[in-house]
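**Q** Just passing along the structure, written as structure tokens.
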Amino acid sequence: MIKFCKRCLYSSEHPLGITFNEEGICSGCTIHDEKDQLNWIDRFKRLKKIINTYRSKKRSNYDCIVPVTGAGDSYYVMHIVKNKLKLNPLMVSYNKYFNTPIGINNLANLRMKFDADIIFKNVNLNSVKKITRHTLLEHKNMYWHILAGSTVFPVEVAINYKIPLIIWGAHQGVEQVGMYSHLHEPEMTRRYRHDHHLFNTEPENLYKLDNNLREEDLINYKYPDDKNLNSIGVRGIYLSNFIRWDPTAQHLEMIKKYNFKSAKLQRTFDTYDHVDCYNYMNIHDHLKLLKHGYSKVTDHVCREIRHKRISRYNGSLLVKKYQKQKIKYLDLFSKWLSISKHSLDFVLNRSRNKKYWKEYDINKFKDNTLIKKISVKKEKIFNNFERKYFKRKYKINLDKKEDYIIFGKGYKN
Ligand SMILES: [Zn+2]
């Protein structure tokens, strides 16, 4: 029996694992309540105490590493690290290759506004394509190289530059499903990366199965060994354990303070999270729906319900509206990957979890996803939510002749 949280829209089917209390409230909502109970001034003092031991003596090296992209919480993390903690960070960015102009612009502007150095990692395109083809066909995942690469690269730089402290934004396990209390201060570990970011698929599992992939294709995706990690004492902390985390409020502040650019995206009302990528809210999000019976808009709605900006009923309407929106840029993606559109459709249909999709005719499926199984009490409809909290000044519009931005230049502002 699938169980739904009485407060948000998550269910017992959540892939990160979720539990329920006697009142039927999920662990994610219960841990979220800590945000209104903890003394965040004390929590921030605790953060300062931790980072003080990492300040470089006589400014002879960087104090910490901050992994960044052209979206997400990069601006907010840099804002805290530079302006509130007064650290000298080295930014690192793994090139995902599906870059949008807005993402490139955000990244260039980030470098200028925070006056910080940055290192990029550009894995050769052949390996990236080979890996993506394989993880899509065998693991129904086209984002693996990005998830694996962007979690390994900061650790590699930490070791090579002897900068032990890596500062991340939100711990998704705490934010979404309440995997730990904020007070447990979970850190980035090999284990968490394996379970959460990679969904149990390590580079080693890839080349064992596929002859086409060579060990050298995967060197950039292997987590450094313990000997190397321990010799530097690498540690990855999450700001969300020390600061009351509210991405929507933070983005509104970042737009005002630093001119972070937001844009209307497919399949969700959130205009901040993934503006740097053509595929995240398209094929990647579609695969999530096919496999897990819900898509990113449910994550966004649950977050907004918990922050009390939308009711459960109005949130459920947004899920219904957005999760069925069509996916864009499939042609470009299949061209990039050198597979036919027909093969891509075949793979997508094969990714459908029978629990959520019943084939009633050849390649025709009945939508039986989680939102159809949930019962929500009707309420007054509130229309102002999207306009009030989600600025959408810019558009991401890929012209037919255009391509992904492989590597973006800086912008003059
Ligand atoms: Zn909940």
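**Q** What do you reckon, is Tyr394 buried (at least 16 other Cβ atoms within 10 Å of the Cβ) and either outside the structural domain of Met281 (by TED's automatic domain parsing) or among the β-branched types (Val, Ile, Thr) (or both)? I'd like the intermediate steps shown before the answer.
**A** Numbers: buried (at least 16 other Cβ atoms within 10 Å of the Cβ): yes; either outside the structural domain of Met281 (by TED's automatic domain parsing) or among the β-branched types (Val, Ile, Thr) (or both): yes.
Judged against the criteria, Tyr394 is a match.
**Q** Taking the options Ser316, Ser343, Ser338, name whichever one is over 23 Å from the mean Cα position of the chain (by Cα), assigned to a helix (DSSP H, G or I) and of a type in the set (Gly, Ala, Ser). Step through it out loud before you land on a result.
**A** Working: Ser316 fails: over 23 Å from the mean Cα position of the chain (by Cα); Ser338 fails: assigned to a helix (DSSP H, G or I).
That would be Ser343, the only listed residue that is over 23 Å from the mean Cα position of the chain (by Cα), assigned to a helix (DSSP H, G or I) and of a type in the set (Gly, Ala, Ser).
**Q** Moving to a separate point now. Identify, by number, the condition in (1) assigned to a helix (DSSP H, G or I); (2) under 28 Å from Val297 (Cα atoms); (3) modelled with pLDDT under 90 that Asn200 doesn't meet.
**A** Single failed check for Asn200: (1).
**Q** Consider Lys291 carefully, then state whether it is away from the ligand (no atom under 16 Å from the Cβ), closer than 16 Å to Ser11 by Cβ, part of a helix (DSSP H, G or I) and not assigned by TED's automatic domain parsing to the domain that holds Val177. Outline the logic, then answer.
**A** On the way: away from the ligand (no atom under 16 Å from the Cβ): yes; closer than 16 Å to Ser11 by Cβ: yes; part of a helix (DSSP H, G or I): yes; not assigned by TED's automatic domain parsing to the domain that holds Val177: yes.
Yes: the conditions hold for Lys291.
**Q** Being in a helix (DSSP H, G or I), buried (at least 17 other Cβ atoms within 10 Å of the Cβ), in contact (Cβ under 8 Å) with a residue 12 or more places away in the chain and not small (Gly, Ala, Ser) is true for just one of Thr268, Thr248. Which residue is that? Even if it seems obvious, please write down each step before you answer.
**A** Numbers: Thr268 fails: in a helix (DSSP H, G or I).
After applying the criteria, what remains is Thr248.
**Q** Also, I was wondering about something else. Within the range 53-67, is even one residue buried (at least 21 other Cβ atoms within 10 Å of the Cβ), of a type in the set (S, T, N, Q) and away from the ligand (no atom under 16 Å from the Cβ)?
**A** The answer is no; no qualifying residue exists.
**Q** Applying the selection to the range 5-29, what residues are within 16 Å of Ser295 (Cβ to Cβ) and either aliphatic (A, V, I, L, M) or near the ligand (Cβ under 10 Å from one of its atoms) (or both)?
**A** Going residue by residue through the range 5-29, those that are within 16 Å of Ser295 (Cβ to Cβ) are 8-11, 13-16.
Hits for the range 5-29 are Cys8, Leu9, Tyr10, Ser11, His14, Leu16.
**Q** Mind checking which pairs have a first residue in the range 1-23 that is on the phi > 0 side of the Ramachandran plot and not assigned by TED's automatic domain parsing to the domain that holds Lys308 and a second that is within 8 Å of the ligand (Cβ to nearest atom) and modelled with pLDDT of 95 or more, Cβ under 7 Å, 6 or more apart or different chains?
**A** Correct list of pairs: empty, since none qualify.
The values are calculated or read from the model by the stated rules, or taken from the named source; none is laboratory data. Not measured: the values here are computed from a predicted model. Note: ideal-geometry Cβ built from the backbone for every residue, glycine included; neighbour counts use all protein chains shown.
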